[in-house]
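Read the structure below first, then the notes.
The values are calculated or read from the model by the stated rules, or taken from the named source; none is laboratory data. None of these values were measured; they are calculated from a predicted model. No Cβ is skipped: glycine too gets one built from the backbone with ideal geometry, and neighbour counts run over all protein chains shown. Keep in mind that these areas ignore ligands, DNA and RNA; they rest on the heavy atoms of the full protein, side chains included. Shrake-Rupley method; radii C 1.70, N 1.55, O 1.52, S 1.80 Å.
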Amino acid sequence: MKHRISITALATVSPLGSDTHSIREAYTSKATAIQKKRVGAHEYWVAPLMETDQARLAAIRLSEAKYKNLDPSVIMALDVSRRALAQAGWQAGDAIGINIGSSRGATQLFEQFHHEFITTGKTATLSSPTTTLGNLSSWVAHDLKSAGPEISHSITCSTALHAILNAVAWLEAGMADRFIAGGSEAPLTPFTLAQMQALKIYSRETEGYPCKAMDLDKLRNTMVLGEGAGVVALERDAENALAYITGLGWATDELEHNISISDEAVCFQKSMTMAMGDLPVSEVDAIVMHAPGTIKGDLSEYKAIQKVFGDNLPLLTTNKWKMGHTFGASGIFSLELALLMLQEQTFLGTPFDAHFTLNKPMRHVLINAVGFGGNAVTIRIST
């Protein structure tokens with residue numbers, strides 16, 4: 001990388017809250033935000049937003065008539081982007097690039113419009129423009145009056161980290177000076193949850209933690225969905241950085257079927273090695289794993305880490321046992337966890353890894369994400 005890419009702001013809304021104090025408190029507790037809730041005709045383990053955050057988002061929706069019919073994923077993107085802009089000290093109307101993606105997009109609206117169509121044979125006038133993936137970045141750009149490029153995409157569960165890859169490329173090329181990048185996902189809808197159950201990966205736990213992400217001894221899949229959005233504000237070589245992006249890696253596994261990942265996650269082996277660059281493996285202090293709570297997903301990533309690091313195994317953690325899997329937004333929450341550990345100089349583990357303890361200053365953390373199709377991304381952030 002030609003420059004140190006500075007993270008000058010990070011704003012999120014998730015089942016853990018939206019302010020730094022609430023999020024820090026949530027991570028220092030062994031409690032989970034996952035709860036049993038009725039969605040449609042069935043009950044599921046899910047991780048919804050806090051009521052206080054839901055109220056704030058509802059106020060945004062009602063603040064202007066044009067926001068009234070937007071999908072929750074778009075409203076969340078507006079919320080976190082406004083807060084990131086303020087944190088970074090940027091102004092509305094600045095030339096800011098925006099790349100906010102989503103795995104599923106406007107899920108709630110799409111299911112609503114499809115139900116209406118099946119029932120009546122007709123659909124609402126705005127059904128098409130309000131359900132495109134481009135809604136995220138285009139509405140944020142409109143809201144912030146940005147004069148920069150706006151990009152939206154879906155690369156399943158690695159979408160948010162792919163957004164950061166793209167933003168860094170624009171910054172490194174000198175085609176932009178400031179970028180907001182991240183992901184937004186509102187997947188707690190009947191059809192989306194039914195799809196996960198159909199894949200036989202959704203949690204049916206009745207005891208202990210509903211999601212056992214990074215419990216390598218679990219005997220069945222325990223993935224749980226959560227909702228949320230998050231973005232980072234990125235600049236080149238800024239002095240007021242929360243941390244720096246110092247390495248990037250990406251790779252794709254060879255597909256055997258639609259949701260495959262190789263037994264030793266070759267994609268992660270390649271992406272982690274690329275993100276480390278010349279940094280010795282012994283200098284990587286921690287990895288925030290993707291670890292979705294499935295047997296194969298967790299174990300294959302762990303095997304990839306063993307292949308790359310050998311006897312120099314870093315501290316390993318994940319947050320999906322606590323807040324569920326937020327699909328395309330999940331990488332931002334993993335980055336948030338990594339940033340918190342760097343700032344606090346503490347290791348925030350899971351209930352399943354008591355043997356991991358911090359015994360030296362933390363300077364370099366890797367963040368992993370991968371989606372259907374084995375499209376892995378690794379980002380290295382450093383102090």
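Listed by first and then second residue, the pairs with beta-carbon distance under 7 Å, at least 6 apart or on different chains, first residue in segment 98-113 and free of Cβ contacts under 8 Å to residues at least 60 places away in the same chain and closer than 19 Å to Ala369 by Cβ, second among the small types (Gly, Ala, Ser) and part of a helix (DSSP H, G or I), are Gly105/Ser73.
In summary, Tyr302 fulfils each of the numbered conditions (1) of a type in the set (Phe, Trp, Tyr); (2) surrounded by 24 or more Cβ atoms within 10 Å (Cβ to Cβ); (3) over 19 Å from the mean Cα position of the chain (by Cα) with the single exception of condition (2). Selection of first residues in segment 336-356 that are over 22 Å from His21 (Cβ atoms) and among the hydrophobic types (A, V, I, L, M, F, W, C) and of second residues that are open to solvent by 10 Å² or more (accessible area, probe 1.4 Å) and not in a loop (DSSP other than H, G, I, E, B), restricted to Cβ pairs under 9 Å at least 6 apart or on distinct chains, gives the following pairs, ordered by first then second residue: Phe356/Leu315.
Looking only at residues that are more than 21 Å from Gln87 (Cα to Cα) and small (Gly, Ala, Ser) in segment 159-189, which one is least open to solvent (accessible area, probe 1.4 Å)? So the residue we want is Ala186.
Would you confirm whether any residue within segment 292-304 is closer than 25 Å to Ile5 by Cα, touching a helix residue (DSSP H, G or I) at 6+ places or on another chain (Cβ under 7 Å) and in contact (Cβ under 8 Å) with a residue 40 or more places away in the chain? No - not one qualifying residue is present in segment 292-304. Checking every residue in segment 225-246 against the condition of being touching a Cys at 6+ places or on another chain (Cβ under 9 Å) and charged (D, E, K, R) gives zero matches.
Checking every residue in segment 297-304 against the condition of being more than 25 Å from Pro361 (Cα to Cα), assigned to a loop (DSSP other than H, G, I, E, B) and not small (Gly, Ala, Ser) gives zero matches. Within segment 30-45, the set of residues being closer than 27 Å to Phe352 by Cβ, surrounded by fewer than 12 Cβ atoms within 10 Å (Cβ to Cβ) and charged (D, E, K, R) comprises Lys30, Lys36, Glu43. If you go through segment 4-46 and keep only what is among the hydrophobic types (A, V, I, L, M, F, W, C) and not in a strand (DSSP E or B), you end up with Leu16, Ile23, Ala26, Ala31, Ala33, Ile34, Ala41. Taking segment 131-147 as the range and being at pLDDT below 95 and open to solvent by less than 20 Å² (accessible area, probe 1.4 Å) as the test, only Asn135 passes. Checked against (1) more than 24 Å from Ala31 (Cβ to Cβ); (2) open to solvent by 10 Å² or more (accessible area, probe 1.4 Å); (3) not basic (Lys, Arg), Pro292 passes all but condition (1).
Checking the stated criteria, Ala58 turns out to be open to solvent by less than 60 Å² (accessible area, probe 1.4 Å), farther than 30 Å from Glu235 by Cβ, among the hydrophobic types (A, V, I, L, M, F, W, C) and out of contact with any Ser or Thr (no Cβ under 7 Å at 6 or more places or on another chain). The condition of being open to solvent by 70 Å² or more (accessible area, probe 1.4 Å) and touching a residue at least 24 places away in the same chain (Cβ under 8 Å) holds for only one of Asp253, Asp215, Asp237, that being Asp237.
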